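Read the figures in this text as sums done on the coordinates, not as results from a lab. A quick note: this is a predicted structure, and the numbers were derived from the prediction, not measured. No Cβ is skipped: glycine too gets one built from the backbone with ideal geometry, and neighbour counts run over all protein chains shown.
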Amino acid sequence: MTSKLRKKIAEDRLLHVMAAHSPLSAKLVEEAGFDGIWASGFELSALYGLPDLSFVSMTQHLDMVRAMSDQTPLPIIADIDTGYGNAINVTHAIAEYERAGAAAIVIEDKTFPKVSSLATTGRQELLRIEEFEGKIAAALASRRDPNFLVIARTEALIAGLGEAEALKRAAAYESAGADMILIHSKQKTPNEVESFVRAWSGHAPIVIVPTAYPEMNAARISALGKIRMVIYGNHAIRASVTAMKDVFARIRRDGGIHTVNKDIVSVEEIFRLQGMDRVRLVEKQFLR
Ligand code: SPV
Ligand code: MG
């Protein structure tokens, strides 16, 4: 999967990567035609009913990455937050994520424990640049497959440190060997990210997560030219919550499941997603 992602990035087109929080949602991402899966920390935290504050452990996240990669051939971009500790911990994390079937990791320059970048309040503390360069170097030195991508994410704009600091950090992380740079912003308009991208003179392709500024669509992203990947960061979990809330409310209101039945997928569709056809084949072959 690693070389597949590397090749896609070399194709010089915008890659669309959708969040997933389970093997089932990962399969739906694949069937919808996305280029990759974002193993989002925010989504997995929400799945457990927890805030995105480094509460979910590396083991929990790794188990999910492994389960997703067992179910879909799509490249998985793993959100490893701050790398679960210092540069030494990063060496361990990279080996584990590679083994679990991820094609790439995104590591961010915040301190541990992190606070969700989308939180309107809360501390957003950044590491010293040198320390984060060390974490990138540790990631690069620990990958066994050179096609396993190390994506460095700067939270300088999220922390309110401004474009100059974001550019300085992005340049330092590129020099440290990062394959791509993720620039994150929670401004309600694309202006902040567009300005950063225009000012970016590095060679590393850019990744964005336009959750807070949804009008930044594919046409607008492509017009900037330097962005190679867009991550739809939490749309799987938000779509699930929307759908469940709606159906549950209708069942309560209507006093039964008779009205919603036609509006939700059939049990047969779930059988298909579960791979029940394979069970039938095995049954025929081996049950005697
Ligand atoms: C995630 O999806 O976990 C992310 C993106 O890291 S964001 O929540 O926007 O920080
Ligand atoms: Mg995250």
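Charged side chains reduced to their Cβ positions (Lys and Arg at +1, Asp and Glu at -1) give the stretch 241-286 a dipole of some 80 debye around its Cα centre.
Inter-label distance, S266 to R99: 4.3 nm, where each label sits 7 Å from its Cα along the C-beta direction. Taking 0.36 nm per residue of separation and subtracting the Cα-Cα distance, full extension of the segment from M276 to R198 would add 23.1 nm.
The residues R272, R66, R288, when put in order of fewest to most other Cβ atoms within 10 Å, stand as R288, R272, R66. Between L161 and R13, the FRET efficiency estimated from the beta carbon spacing at R0 = 45 angstrom works out to 0.90. Name the shape class, rounded, prolate or oblate, that the alpha-carbon gyration tensor gives for the stretch 177-288, where a ≥ b ≥ c are the square roots of its eigenvalues, rounded holds for a/c under 1.5, and otherwise prolate holds if a/b is larger than b/c and oblate otherwise. Since a/c reaches 1.5 but b/c is at least a/b, the shape of the stretch 177-288 is classed as oblate. Taking label points 7 Å from Cα along the Cα-to-Cβ direction, T189 and R144 give a separation of 5.0 nm.
Assigning unit charges at the beta carbon (Lys, Arg +1; Asp, Glu -1) and nothing else, what dipole magnitude in debye, to the nearest 20, does the stretch 94-156 show about its Cα centre? Walk me through the numbers before you get to the answer.
Numbers: 9 positive and 10 negative charges, 26 e Å.
Here the stretch 94-156 has a charge dipole of around 120 debye.
At a threshold of 8 angstrom on Cα-Cα distance, excluding pairs fewer than six apart, so keeping six or more, what relative contact order does the stretch 2-235 reach in percent? Please list the in-between numbers first.
On the way: 473 pairs, mean separation 47.1, N = 234.
Reported as a whole number, the value is 20 percent.
Have a look at the DSSP beta bridges in the stretch 2-235 and tell me what percent are antiparallel, nearest 5.
Values: 1 of 30 bridges.
If I count the DSSP bridges inside the stretch 2-235, around 5 percent turn out antiparallel.
Percent of Cα-Cα pairs more than 34 Å apart in the chain, please. The calculated P(r) of the chain puts 22 percent of pairs beyond 34 Å.
Its Kirkwood hydrodynamic radius, worked out from the mean inverse distance over all distinct Cα pairs, puts the stretch 241-286 at 12.6 Å. Residue order for S54, S266, S45, S3, fewest other beta carbons within 10 angstrom first, comes to S266, S3, S54, S45. The ranking of T82, T2, T189 from fewest to most other beta carbons within 10 Å of each one's beta carbon is T189, T2, T82.
Taking every DSSP beta bridge that has both residues in the stretch 60-195, what percent is antiparallel when rounded to the nearest 5?
Working: 1 of 13 bridges.
Approximately 10 percent, going by the DSSP bridge assignments.
Assign one of three labels to the stretch 47-112, namely rounded, prolate or oblate, based on the Cα gyration tensor with a ≥ b ≥ c the square roots of its eigenvalues; rounded applies when a/c is under 1.5, prolate when it is not and a/b is larger than b/c, and oblate otherwise. The shape class here is oblate.
The Cα center of the stretch 95-132 and the Cα center of the stretch 204-260 differ in position by 22 Å.
Let a ≥ b ≥ c be the square roots of the eigenvalues of the Cα gyration tensor of the stretch 199-251; is it rounded (a/c under 1.5), or, if not, prolate (a/b larger than b/c) or oblate? List each step's numbers first, then the result.
Numbers: a/c = 4.79, a/b = 3.35, b/c = 1.43.
Prolate, because a/c is 1.5 or more and a/b exceeds b/c.
Each principal axis of the stretch 138-228 carries a Cα extent, and these read 39, 27, 22 Å when sorted largest first. The GNM of the chain, with springs linking C-alpha atoms under 10 angstrom apart, assigns the highest mean-square fluctuation among F55, F112, F132 to F55.
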